[in-house]
1. Looking at the stretch 192-209, is at least one residue without any contact (Cβ under 8 Å) to a residue 12 or more places away in the chain, within 16 Å of the ligand (Cβ to nearest atom) and either surrounded by 15 or more Cβ atoms within 10 Å (Cβ to Cβ) or assigned by TED's automatic domain parsing to the domain that holds VAL53 (or both)?
2. Across the stretch 241-261, which residue is nearest to the ligand (Cβ to nearest atom) among those that are of a type in the set (D, E, K, R) and assigned to a strand (DSSP E or B)?
3. Pick from the stretch 246-270 the residues that are under 24 Å from the mean Cα position of the chain (by Cα) and surrounded by 15 or more Cβ atoms within 10 Å (Cβ to Cβ): which of them is farthest from PRO187 (Cα to Cα)?
4. Looking at the stretch 258-270, I want the residues that are farther than 12 Å from ILE182 by Cα and of a type in the set (Val, Ile, Thr) and have a partner that is more than 11 Å from the ligand (Cβ to nearest atom) and assigned to a strand (DSSP E or B) with Cβ atoms under 7 Å, at least 6 apart or on another chain. Which pairs are those?
5. Name every residue in the stretch 145-172 that is part of a helix (DSSP H, G or I), farther than 17 Å from CYS268 by Cβ and touching a residue at least 12 places away in the same chain (Cβ under 8 Å), in order of residue number.
6. Inspect all residues belonging to the stretch 34-45 and state whether any of them is aromatic (Phe, Trp, Tyr) and more than 25 Å from GLY131 (Cβ to Cβ).
7. Out of PHE114, PHE108, PHE100, PHE139, which single residue is of a type in the set (Phe, Trp, Tyr), farther than 24 Å from ILE81 by Cβ and at pLDDT 95 or above?
8. If the requirement is being outside any strand (DSSP E or B), within 17 Å of LEU45 (Cα to Cα) and free of Cβ contacts under 8 Å to residues at least 24 places away in the same chain, which of these qualifies: GLY103, GLY137?
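The values are calculated or read from the model by the stated rules, or taken from the named source; none is laboratory data. Just so we're clear, the structure is a prediction, and the values are computed from it rather than from any experiment. Here Cβ is always computed from backbone atoms with ideal geometry, including for glycine, and neighbour counts include all displayed protein chains.
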Amino acid sequence: MPELPEVETIARGLANAVVGKTIDSATVLLPRVVAPEPDRFARELVGDRIDAVGRRGKFVVLSLASRRQLVVHLRMTGRLIVQGAGATIPEPYSNVLIRFSDGTRLCFADVRTFGRMRLVEPEDPWAAEVGIEPLSGDFSLERFSSLLASRTTPVKVFLLDQRRIAGIGNIYACEALWDARIRPARPAGSLSKPARRRLRDSIRDVLRRAIDMRGTSVDDYVDAEGLRGGFQNVLSVYGRDGESCPRCTRTIVRTVIAQRGTWWCRTCQS
Ligand SMILES: [Zn+2]
């Protein structure tokens, strides 16, 4: 599933490809992936213009001239692909097609169809439940500490909770905890101040490095230009059970915490 660095990479690529374009028509091929209902969704988009593309948590947000937003959650296999004016066949598994007045086309493609595309009104508080952005200035040690305080849930599970911190999924939770030398099952509220500081810094560092490398392609993630990321080549622990820990050379293990595979080093994470 795309996490913060992948969604950020997709949003940046999309911004280059679609900002300033006016929507000529929209076609919904799979009704349940859009809101409001398909006829209205398609009708309301016509004539609107894309003014900006950004990200909030794991959501891609296309801001429209009408001040409404097109909010996309890619979930497992969703992709946003821009096709040139000459393309005749939509991207395979396209569920929504948005055509622009210059003949180019945005395809919302999704093999497993869990992804969603929602047109929201300016006053819609859709992001109210989305947690703090870990790369923003708001993510201070004090703020992080207050979020962690007295939480008994395993710190790894805490990191995945989108209502607390937005955008971190399984890959970057495992990588940040390894980088900060913290055992994933430790109760979130039990971290010392130095450990909290290390973890905050590691989260930001891992996410920034992954954005620099255009995300991690361990599954079928590709960016808006259809390109794979590069961070899978430098992962320290994620998916590497049985291999040597890059820091202490002991064997990386995989355990399961809250039904999720968790990769870590028993020797240097405590
Ligand atoms: Zn180690």
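1. no
2. Across the stretch 241-261, the extreme among qualifying residues is ARG254.
3. ARG254
4. Short answer, once both residue conditions are applied: THR262/ARG254; THR262/THR255; THR262/VAL256.
5. Listed by number, the residues that qualify are SER145, LEU147, LEU148, VAL157, PHE158, LEU159, LEU160, ASN170, ILE171, TYR172.
6. Yes.
7. After ruling out the rest, the residue left standing is PHE139.
8. GLY103
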